[in-house]
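Q: Structure in structure tokens, see below.
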Protein chains: 2
Amino acid sequence: MPQEDIKATLSARQLTVKDVARLSGTSPSTVSRVLTGRVPVAKDKYDAVMKAIAELNYRPNLIARSLKTKATFSIGLLINDILNPFYGALARGVEDVASEAGYAVMFCNTNEDPGREGSYLRMLQDKGVDGIVLAPTGGNRDAMQDLISSGTPLVQIDRQVAGLAANSVTLDNIGGVETATKHLMAQGHSRIGLVTYAIGQMTMIDREAGYRKALRSADSSLSELICRVKFDLSDTGRLITRMLKSDTPPTALFLANNRIALSVFQAIKELGLTVPKDIAIAVFDDLEIFSLTTPSITAVAQPAYNMGRKAAEFLLQQLSSDAPAITQTAVFQPELIVRESG
Amino acid sequence: MPQEDIKATLSARQLTVKDVARLSGTSPSTVSRVLTGRVPVAKDKYDAVMKAIAELNYRPNLIARSLKTKATFSIGLLINDILNPFYGALARGVEDVASEAGYAVMFCNTNEDPGREGSYLRMLQDKGVDGIVLAPTGGNRDAMQDLISSGTPLVQIDRQVAGLAANSVTLDNIGGVETATKHLMAQGHSRIGLVTYAIGQMTMIDREAGYRKALRSADSSLSELICRVKFDLSDTGRLITRMLKSDTPPTALFLANNRIALSVFQAIKELGLTVPKDIAIAVFDDLEIFSLTTPSITAVAQPAYNMGRKAAEFLLQQLSSDAPAITQTAVFQPELIVRESG
DNA sequence: ATGAAAGCGCTAACAT
DNA sequence: ATGTTAGCGCTTTCAT
């Protein structure tokens with residue numbers, strides 16, 4: 001059968017290595033060898049195969065390849081909420097590194113819900129992802145251990161579940177808040193409040209520890225003034241109002257993340273208070289707009305994009321080396337950006 | 001061989017339908033029938049299979065299934081930039097609907113780069129996604145047509161490439177800007193500037209059209225005052241300064257999206273102007289913080305989350321019905337939220 | 001209703 | 001270096 005006819009005949013079906021083999025006068029295995037490039041192939045055969053591939057516009061079926069090789073060139077990314085700019089930047093970092101290396105990213109928002117996280121972990125495993133980057137809720141320790149045991153490497157980011165053989169990328173939350181709190185103290189504030197979540201998430205526990213550390217470091221140690229709001233932020237207004245209307249209200253507030261910050265800003269606006277005259281403010285997480293508001297907002301900036309990149313690099317490194325890597329943790333340093341709010 | 005031994009023997013390898021068949025005293029095809037649930041199976045066999053599945057904690061290999069069925073239960077999502085809150089909300093909508101239906105989402109940031117979009121489209125096709133939701137750059141018309149022809153449904157969101165057999169989800173950009181501009185006119189402004197991109201992206205062309213429409217609708221038609229900034233926003237400061245320092249500067253500005261808005265805010269802040277006293281402002285896209293700043297920002301809000309949901313619903317609808325659906329376009333209405341800035 | 005057998009498209013022994 | 005063959009784990013005729 002002349003080449004033209006072969007091509008015409010094939011137009012409907014999906015093309016396979018057999019078609020390329022036939023057109024190039026070789027065998028499926030030779031075509032496969034050219035495709036994977038790990039085994040030597042004679043120059044003339046190689047050229048014939050490449051020519052046939054180009055002529056047919058053949059593209060290998062990646063699913064068939066995955067069934068054979070057990071690798072999918074896909075990774076999973078589990079984060080709390082992509083709408084949070086911190087996780088958004090993290091995700092960009094992961095995606096940029098992954099896509100450069102030819103990996104696709106399946107992204108999943110857990111909403112801080114261990115149930116949802118668990119079913120996503122299961123789904124990703126069933127889909128055969130080569131690895132997973134996740135900001136663990138903490139509620140799926142066993143499932144995470146399962147994944148690792150069954151050969152799917154995990155990289156933890158932002159949070160850490162202790163005792164797993166998984167690399168981690170974290171931030172020095174303690175140091176970041178300590179520095180920021182000391183900055184407020186240096187501005188002359190002696191009654192400094194902390195607004196954080198009522199739930200005991202690891203990053204929040206560390207931020208609280210940093211706050212405490214700073215207070216205790218003062219010559220005359222300052223007393224704690226902590227406001228714990230619900231994760232859904234529904235009680236922020238009420239609690240902030242109570243705190244600021246008390247007999248000895250704080251003169252400065254440290255807000256433990258960007259979500260909390262927005263809800264506190266609202267409460268402050270509703271109370272008609274002026275920042276920083278009535279109350280000074282510093283925030284954990286820097287948003288783009290914080291430099292543009294009046295007053296601009298003093299913030300602890302996390303290198304979220306680079307943290308995402310590092311997590312993806314950890315993962316790819318594990319995927320390409322079969323040596324059972326030692327567990328590493330990369331700790332990034334936040335940066336205090338002093339602006340007008342406090 | 002007693003059951004215990006079978007289980008013990010299997011602990012290492014991945015479990016298959018054969019293992020379930022053996023333990024349940026049936027055949028692989030019966031196990032498959034139970035798994036897919038589309039073919040009747042006798043009650044006793046069904047129970048035996050289910051029992052074996054539970055006992056072994058068997059989970060089917062989805063990649064093998066995909067190779068056979070040509071369906072992956074994965075969809076692709078191509079957007080400009082997940083860090084833009086508009087696309088972030090869109091992505092959440094897509095993901096929420098997709099995950100409820102058991103689909104995973106592969107997400108890809110195009111950075112408005114047709115080359116990057118093209119290679120992602122190719123990758124997604126090679127990975128065998130069942131469908132794609134995308135905000136097209138416009139530079140890959142042929143690749144999009146290819147996808148559709150080869151049986152991968154596409155849903156366009158935010159933008160639209162004309163003449164493709166693909167459902168679309170868009171926003172009434174013209175109406176949104178017309179309403180907002182008329183609002184500024186009603187506030188007494190007769191010199192109203194528009195800040196938009198120099199590049200001719202479809203949404204921006206429509207927003208400009210809405211602006212023009214409003215100006216022309218005035219009794220004495222107002223003259224246009226358009227500032228076209230680079231997509232990378234590097235010249236915003238220079239151009240805004242020139243515009244506002246001209247002999248007859250605008251007294252109000254409409255900013256065509258949230259990225260442009262932030263860069264213009266910076267320019268205004270650097271010029272030391274006060275909003276809305278020196279210059280009134282309205283923005284396309286509503287950010288969470290716009291209600292909390294001083295002054296709060298008048299904005300045209302897009303229902304981004306619901307647009308994402310609708311796009312995913314369009315796609316899933318096409319995936320579940322084999323009827324060659326007629327092409328539909330869902331047009332959402334934006335909402336003008338009047339605040340203090342203008 | 002059920003089991004045997006074929007085959008999805010690829011890669012990797014194996015043999016030459 | 002290359003072709004032949006088997007097999008990844010599943011679904012789906014096909015026969016009964």
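Each value in this text was obtained by applying a stated rule to the coordinates, not by laboratory testing. Everything numeric here is computed off the predicted structure, so don't read it as measured data. Quick reminder, even Gly has a Cβ in these numbers, built from the backbone with ideal geometry, and neighbours come from all protein chains shown.
Q: Within the range B:174-192, identify whether any single residue is without any contact (Cβ under 8 Å) to a residue 12 or more places away in the chain and in a loop (DSSP other than H, G, I, E, B), and answer yes or no.
A: Kept after step one, since they are without any contact (Cβ under 8 Å) to a residue 12 or more places away in the chain, are these residues of the range B:174-192: B:186, B:188.
Right, trim to in a loop (DSSP other than H, G, I, E, B) and you get B:188.
Yes, the range B:174-192 contains a residue that is without any contact (Cβ under 8 Å) to a residue 12 or more places away in the chain and in a loop (DSSP other than H, G, I, E, B).
Q: Among the listed residues B:Ala98, B:Ala71, B:Ala143, identify the single one that is closer than 26 Å to A:Ile132 by Cα, away from DNA strand C (no atom under 16 Å from the Cβ), in contact (Cβ under 8 Å) with a residue 12 or more places away in the chain and within 14 Å of chain A (Cβ to nearest Cβ).
A: Working: B:Ala71 fails: away from DNA strand C (no atom under 16 Å from the Cβ); B:Ala143 fails: closer than 26 Å to A:Ile132 by Cα.
Going through B:Ala98, B:Ala71, B:Ala143 in turn, the sole match is B:Ala98.
Q: Identify the residue in the range A:108-124 that is in contact with an Asp or Glu (Cβ under 7 Å, 6 or more places away or on another chain) and either crowded, with 24+ Cβ neighbours inside 10 Å or more than 10 Å from chain B (Cβ to nearest Cβ) (or both) and, among all such residues, is farthest from B:Leu78 (Cα to Cα). Show your work before the answer.
A: Of the range A:108-124, the ones in contact with an Asp or Glu (Cβ under 7 Å, 6 or more places away or on another chain) are A:109-111.
Now narrow it down to the ones that are either crowded, with 24+ Cβ neighbours inside 10 Å or more than 10 Å from chain B (Cβ to nearest Cβ) (or both): A:109-110.
Numbers: A:Asn109: 17, A:Thr110: 21 Å.
It comes out as A:Thr110.
Q: I'd like the full set of residues that are hydrophobic (A, V, I, L, M, F, W, C), surrounded by fewer than 22 Cβ atoms within 10 Å (Cβ to Cβ) and under 27 Å from A:Asn61 (Cα atoms), limited to the range B:64-94.
A: Narrowing the range B:64-94 to residues hydrophobic (A, V, I, L, M, F, W, C): B:64, B:67, B:71, B:73, B:75, B:77-79, B:82-83, B:86, B:89-91, B:94.
Those left that are additionally surrounded by fewer than 22 Cβ atoms within 10 Å (Cβ to Cβ): B:64, B:67, B:71, B:73, B:83, B:89.
Across the range B:64-94, the qualifying residues are B:Ala64, B:Leu67, B:Ala71, B:Phe73.
Q: If you take the residues in the range B:224-283 that are polar (S, T, N, Q) and assigned to a helix (DSSP H, G or I), which one is nearest to the other protein chains (Cβ to nearest Cβ)?
A: From the range B:224-283, those polar (S, T, N, Q) are B:234, B:236, B:241, B:246, B:248, B:251, B:257-258, B:263, B:266, B:274; that's our starting set.
Add one more test, that the residue is assigned to a helix (DSSP H, G or I), and what stays is B:236, B:241, B:258, B:263, B:266.
Working: B:Thr236: 12, B:Thr241: 16, B:Asn258: 10, B:Ser263: 9, B:Gln266: 5 Å.
Filtering first and then ranking leaves B:Gln266.
Q: Kindly evaluate A:Asp113 against the criterion of being under 23 Å from A:Asn84 (Cα atoms) and either hydroxyl-bearing (Ser, Thr, Tyr) or within 21 Å of the chain's Cα centre (by Cα) (or both). Spell out how you get there, then give the answer.
A: Details: under 23 Å from A:Asn84 (Cα atoms): yes; either hydroxyl-bearing (Ser, Thr, Tyr) or within 21 Å of the chain's Cα centre (by Cα) (or both): yes.
Considered against the rule, which asks whether it is under 23 Å from A:Asn84 (Cα atoms) and either hydroxyl-bearing (Ser, Thr, Tyr) or within 21 Å of the chain's Cα centre (by Cα) (or both), A:Asp113 comes out as yes.
Q: Further question on the same structure: What is the one condition in (1) assigned to a helix (DSSP H, G or I); (2) more than 27 Å from B:Ser66 (Cβ to Cβ) that A:Ser29 does not satisfy?
A: With respect to (1) assigned to a helix (DSSP H, G or I); (2) more than 27 Å from B:Ser66 (Cβ to Cβ), A:Ser29 is out only on (2).
Q: Out of B:Ser296, B:Ser291, report the one residue that is within 14 Å of chain A (Cβ to nearest Cβ) and closer than 24 Å to A:Asp81 by Cα.
A: Numbers: B:Ser296 fails: closer than 24 Å to A:Asp81 by Cα.
Checking each option against the conditions leaves just B:Ser291.
Q: Here's something else I'd like to know. Determine, yes or no, whether A:Ala64 is within 12 Å of DNA strand D (Cβ to nearest atom), over 30 Å from A:Ala312 (Cα atoms) and assigned to a helix (DSSP H, G or I). Break it down stepwise before answering.
A: Values: within 12 Å of DNA strand D (Cβ to nearest atom): yes; over 30 Å from A:Ala312 (Cα atoms): no; assigned to a helix (DSSP H, G or I): yes.
In short, no.
Q: Scan (1) in a helix (DSSP H, G or I); (2) free of Cβ contacts under 8 Å to residues at least 40 places away in the same chain for the single condition B:Met204 breaks and write down its number.
A: B:Met204 satisfies all of (1) in a helix (DSSP H, G or I); (2) free of Cβ contacts under 8 Å to residues at least 40 places away in the same chain except (2).
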